[in-house]
Each structure stands twice: as structure tokens, then as C-alpha cells.
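The values are calculated or read from the model by the stated rules, or taken from the named source; none is laboratory data. Just so we're clear, the structure is a prediction, and the values are computed from it rather than from any experiment. Quick reminder, even Gly has a Cβ in these numbers, built from the backbone with ideal geometry, and neighbours come from all protein chains shown. All accessible areas refer to the heavy atoms of the entire protein, side chains included, with ligands and DNA or RNA removed. Shrake-Rupley method; radii C 1.70, N 1.55, O 1.52, S 1.80 Å.
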Amino acid sequence: MSTDDKPPRRLVPFALVAIAVFAADLSTKDLAVAALDGQPPVRLAGGALYLVLLHNPGAAFSLFPGQTWLLTMITALVVLAILAFAPRLRSTGWALGIGLVLGGATGNLADRLTRPPGFGEGHVVDFLSLFAPDGSVWPVFNIADAAIVSGGVLLVVLALFGVDYDGRVAKHRTDETKAKATVEENA
């Protein structure tokens, strides 16, 4: 595929999704802190969802709570890697998936950089709990976490269906091509 045959870059949907996730994450975290600080959990949807305020010093599922600086550096490197990779995106699906991951990563990174106890050691605000008010059924999470997981699932599905980030779709080999490949491998 020559450069002229490539589909256009998908930076606009990538950027719009990342910005939307980042804005939604920060605004919902600010609302959660304002409304839930010092309050008991709020039961919604018949107990399917609870709003409960937690400040997470660790990674997902509260892993590695004593490694906040390391998590901050790793997240910053992931954000930079995504930004360096983005200009190669030519698949809308990949642009949306990577945009979700970037928006979520920057949302949690903003917490690490700006929230107490201090720069680089800030605790991530989590406030959504499924089926229990204490995270005992599913860990307490936030919009950024949901976006990262959703983006990751989308990227896995795209990869399973053979959709590449550059817009190409892997073609299934015909029986003739398979036979030729087998002969060449055995030669």
C-alpha cells in the first residue's frame, strides 16, 4: 500500500475521545469529592451501583500502594508513548480505543500530580462501586478506569478481527496460499 492509498490519519476522533474522557473523569471526581466526602455510600439502581469516596494511592485494584511515584512515572511514560504513536493511527476503531486509554491515563495522572498528599504522590479518586458499598464485589473505580478497560477491550477485539492500527485488515489465507506456505516451510 503506497502512502497515497492509505486511509487518512484518525487524529480527530482520537483527540476528541481522549479530551472527552479526561474532562468527564476530572469533573466527576470533583463532584464526588464535593458530594461524598464524609458521607455514607449512596445506593443507586437498587444496589447495582454505589457512590463511595475512596482515595487510592495504588494502581488498579489498589495494588502497589507504596509505589505511587513509580506508578506516576509509568503512567507519564504510557501517555508519552501513546502521543508518539497517535500520528500512525489510520483505523477509526483503533483511534477510539487508544483515545479511551489516553483519556483515562491522563485523568488518573492528573490526580497523581495534583491531589493530596502531594505532587507525584497524589491519590486517585475512586467513587463507583458495583453491587456493594465497599468494593467487595468489584473494586471501586472511576471514569478513567472504565475508559482504560473499555479501550483495552476494544483494541483486543479489533486485533482478534485482524484490524490493524494503520487501517489494514488482515486477509485470511486461501487454501492455495496455505498449501504453498506449507510446501515452502517443509522445503
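Which length gain, in nm to one decimal place, applies between PHE161 and GLN67 when the Cα-Cα distance is subtracted from 0.36 nm times their residue separation? Walk me through the numbers on the way to the answer.
On the way: separation 94, 0.36 × 94 = 33.84 nm, distance 3.66 nm.
Between PHE161 and GLN67, full extension yields an extra 30.2 nm.
In this simple spin-label approximation, LEU16 and LEU130 carry label points 7 Å from Cα along the Cα→Cβ vector, and these lie 2.8 nm apart. Taking the 1.4 Å solvent-accessible surface of the stretch 121-166 as the whole, the part contributed by carbon and sulfur is 74%.
Using a probe of 1.4 angstrom and keeping all protein chains present, the accessible surface of the stretch 78-179 works out to 52 square angstrom per residue. Each residue of the stretch 83-151 gets 89 Å³ once the volume of the Cα convex hull is shared out per residue.
Counted over the stretch 1-152 with a bin width of 5 Å, the fraction of Cα pairs per bin, in whole percents, is 2, 10, 17, 20, 18, 13, 9, 5, 3, 2, 1, 0. Backbone N atoms of the stretch 96-127 closer than 15 Å to the 7 Å Cα→Cβ label point of ALA34 are not found in any residue.
Spacing of the modelled spin labels on TRP138 and SER150, each 7 Å from Cα toward Cβ, amounts to 1.2 nm.
Ignoring ligands, DNA and RNA, please state the percent of accessible area on the stretch 35-118 from carbon and sulfur, probe 1.4 Å. Present the calculation step by step, with values, prior to reporting the outcome.
Details: 3090 of 4300 Å².
Here carbon and sulfur together make up 72 percent of the probe-accessible area.
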